[in-house]
Amino acid sequence: MQAAMASIETQAIEQAKTKMSALESGLKYSVRRGDFSRLQEIVAEASADSDAIDIILADDTSKVIAAARSGMLGHDINDVLPRISAQHQKARNETIAMVKLTRVGNIHLSPDKQAISAFYPVLFGSKINELRPSRMGILFAKYDLSLNKAKARRVVELQIAQFSALAVGFSLLLWLIFHFLLTKRMGLLAQSMKVFAAGEMQVRSNVQGSDEVG
């Protein structure tokens, strides 16, 4: 079961990398063109993914400018991200800062391993008199794993049930073979010996076979 769950997690992470890279590219292209109205459409389209729980895009000031849920627009991204413990909040803040600094995305499992969280950098251009663009926004996405894990769990449980039924059937077959090929013949032989012991010297057991009994 653990191997099946680990496989689901690995596949989901790889799929999330592909989805986030494509989403990041589409958003960056619209930003370069200055087509900011398109950003919400791109996020809305990506949110149609059945595994997507949240997709949020914040600009370099941490203001949400596109989101799967319109009620998040205009808020600080830290106010709309899923609530977590203070310890995990600190780790998340460090992750966002590192993503912006290194310009490399980060994907990781949630503490309960039921979801994947992804943070990717989105460049919003340069500040005034700045040679190297540094206005870095953040793209956040959360993908659900619980449904796929539940499906995988049912498949594994079905396979276990099938294997158990097969093992029981095989054991029963072996018992029947043992019963008819050995136990029954031993019974006939014992009965013949009783008759023989009673003085019937002409008795025959009628036990046939090529082994020690027959």
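The values are calculated or read from the model by the stated rules, or taken from the named source; none is laboratory data. From a predicted model like this one, the values you see are computed outputs, not experimental measurements. Here Cβ is always computed from backbone atoms with ideal geometry, including for glycine, and neighbour counts include all displayed protein chains. Side chains are part of the model used for accessible areas, which takes the heavy atoms of the whole protein and leaves out ligands, DNA and RNA. Shrake-Rupley method; radii C 1.70, N 1.55, O 1.52, S 1.80 Å.
For this structure, a couple of remarks:
- Flag if Ile84 is aliphatic (A, V, I, L, M), under 24 Å from Asp54 (Cα atoms) and in contact with a strand residue (DSSP E or B) (Cβ under 9 Å, 6 or more places away or on another chain): no
- Filter pass, Ala48 being exposed (fewer than 14 other Cβ atoms within 10 Å of the Cβ), closer than 18 Å to Tyr143 by Cα and either in contact with a Gly (Cβ under 9 Å, 6 or more places away or on another chain) or free of Cβ contacts under 8 Å to residues at least 60 places away in the same chain (or both): yes
- Some residue of segment 26-42 being exposed (fewer than 13 other Cβ atoms within 10 Å of the Cβ) and within 22 Å of the chain's Cα centre (by Cα): no
- Met20, sole failed condition from (1) open to solvent by 50 Å² or more (accessible area, probe 1.4 Å); (2) within 18 Å of Ser110 (Cα to Cα): (1)
- Residues of segment 87-138 satisfying the condition of being of a type in the set (Val, Ile, Thr) and either touching a strand residue (DSSP E or B) at 6+ places or on another chain (Cβ under 8 Å) or modelled with pLDDT of 90 or more (or both): Thr95, Ile96, Val99, Thr102, Val104, Ile107, Ile116, Val122, Ile138
- Residues that are within 20 Å of Ala6 (Cβ to Cβ), in contact (Cβ under 8 Å) with a residue 40 or more places away in the chain and either of a type in the set (Phe, Trp, Tyr) or loosely packed, with under 11 Cβ neighbours inside 10 Å (or both), drawn from segment 134-154: Tyr143
- When segment 106-133 is filtered for residues that are surrounded by fewer than 18 Cβ atoms within 10 Å (Cβ to Cβ), in contact (Cβ under 8 Å) with a residue 40 or more places away in the chain and not hydrophobic (A, V, I, L, M, F, W, C), the ones remaining, listed by number, are Lys113, Gly125.
- Note on segment 65-79: residues that are within 21 Å of Ala16 (Cα to Cα) and either modelled with pLDDT of 95 or more or of a type in the set (A, V, I, L, M) (or both) total 4.
- Unique match (being in a helix (DSSP H, G or I), of a type in the set (Gly, Ala, Ser) and within 23 Å of the chain's Cα centre (by Cα)) among Ser21, Ser50: Ser21
- Looking only at segment 60-94, and only at residues there that are among the hydrophobic types (A, V, I, L, M, F, W, C) and in a strand (DSSP E or B), the one that is most open to solvent (accessible area, probe 1.4 Å): Ile65
- Note on segment 98-133: residues that are acidic (Asp, Glu) and either closer than 20 Å to Ile42 by Cα or in contact with a Phe, Trp or Tyr (Cβ under 6 Å, 6 or more places away or on another chain) (or both) total 0.
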